[in-house]
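A.B. asks: Mind having a look at this structure? Questions to follow.
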Amino acid sequence: MAKYSCKNCGAELFFDPKKGKLHCDYCGTDYDPSEYAYKPEPDAAAGAAKDQTIAQPGNEGTGADAAATDEKATDDSTGNLVVYKCPNCGAEVITSKDTVATTCVYCNRAITLEGNLAGTFRPDYVVPFEKDRKDVEAAYLSLCKKSILTPRLFTKQATIKKIKGMYIPYWLYSFDGDASIQVLGKNTRMWTTGDTEFTETSSYSVSEEATGSFRYIPADALKGMDNVLMDSIEPFDFSKMKSFNPAFLAGFYTQKWDDDSKTNEPRAKNRAKESLANAAMANVGSFDEMHIQQENFTWTNNKAEYAMLPLWMMYTEYKGKNYIFGMNGQTGKIMGKIPKDPMRIAEIIGGVLIISQIIMMIIRVLGVM
Ligand SMILES: [Zn+2]
Ligand SMILES: [Zn+2]
């Protein structure tokens, strides 16, 4: 378990999205995550990484041997739970066996399970949080105020119960693509001479090619997630992506991928196909009728990289019901919906359901909240 302690006062550090640094609440010192060097373990079976620069009471190892199952708390997607002893307060933290980062429910200590960051589970990149808890609350409240459909009391009475930041494991695909398409174009001309109507049809066979370089097309790496819904979290700004360092996870929750890069590759390729085909078609010219006769795509320089992308989740309660919101942790794009006036519910129920679905899916799959 890697710990991020203040080199000044020894207190625990958490990643501060506003500063992009590890921050000490006690003495106010900030540290660049790179100051806590990351030495990845070569294989998943290795024990906990022991970073000598970080004081750590009671090394407990990974706790992987102390695996315990709890039928009640087990969710259907992961099945196995493990118990880790918090190195700070000694309490037992129950978590999914796939957990990479979490916090102790008793003392809030950030816990990183390095064994789940080893080998093929070692992320290449992280898109750090830029929005913090206050941003989540503010965005939510302004959404409530803006909507004329919001029941008046909701804004006042809804109580924010929980805000949780998490990293979702994603595959990022990069490749070059070539498309060649063959299109049959038809033009029809009609005219009348005297009593006779003439129709002339001209056919053209047109071949066009388009090439493109694609960089970081994202696809979530969790089996239980609905792919179409997960795509709605986008876009992310990958120009601000950093090389992975678990220091970025301090205070957040995440788990390792369970859906491999090969399985998800077609999602990225389909997006690329569409944009290449559109580019090629743009050069074909215009005809009265067009039929694509042949389409060929070739891909080179294929690369799949593993990245952690940030998401905030918020839980509120209104009249005994729970409402859940999601926000892109980098851009602040809100995914949640506020409860609507029943008079208008029929119109917008679709949108609300989709949002609830995605949030419930995240909760189910990640086992958080
Ligand atoms: Zn300090
Ligand atoms: Zn603890």
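A.B. asks: Inside the stretch 1-39, can you point out the residues that are within 16 Å of ligand 2 (Cβ to nearest atom), without any contact (Cβ under 8 Å) to a residue 60 or more places away in the chain and not in a loop (DSSP other than H, G, I, E, B)?
C.D. replies: 5
A.B. asks: If you don't mind, another one. Within the stretch 103-113, does at least one residue satisfy the condition of being buried (at least 23 other Cβ atoms within 10 Å of the Cβ) and either under 16 Å from the mean Cα position of the chain (by Cα) or farther than 20 Å from residue 310 by Cβ (or both)?
C.D. replies: no
A.B. asks: Tell me the residue from 163, 181 that is among the β-branched types (Val, Ile, Thr) and at pLDDT below 90, please.
C.D. replies: Just one listed residue meets the conditions, 163.
A.B. asks: Scan the stretch 163-178 and report the pairs whose first residue is on the phi < 0 side of the Ramachandran plot and touching a residue at least 60 places away in the same chain (Cβ under 8 Å) and whose second residue is among the acidic types (Asp, Glu) and surrounded by fewer than 23 Cβ atoms within 10 Å (Cβ to Cβ), with Cβ atoms within less than 6 Å and a gap of 6+ or a chain change.
C.D. replies: Taking only residues 6 or more apart or on different chains, the pairs are 172/305.
A.B. asks: Could you please give the count of residues in the stretch 67-100 that are at pLDDT 75 or above and at positive phi?
C.D. replies: Count: 1.
A.B. asks: Spot the failing condition for residue 136; the list is (1) at pLDDT below 85; (2) within 21 Å of residue 316 (Cα to Cα), and only one is missed.
C.D. replies: (1)
A.B. asks: Let me ask you something else. Just a yes or no: is a residue in the stretch 18-41 touching a Leu at 6+ places or on another chain (Cβ under 8 Å), polar (S, T, N, Q), modelled with pLDDT of 80 or more and more than 16 Å from ligand 1 (Cβ to nearest atom)?
C.D. replies: No; the residues of the stretch 18-41 include none that is touching a Leu at 6+ places or on another chain (Cβ under 8 Å), polar (S, T, N, Q), modelled with pLDDT of 80 or more and more than 16 Å from ligand 1 (Cβ to nearest atom).
The values are calculated or read from the model by the stated rules, or taken from the named source; none is laboratory data. What you see is a predicted model; the values in this text were computed from it and never measured. So basically every Cβ, Gly included, is an ideal-geometry build from the backbone, and we count neighbours across all protein chains shown.
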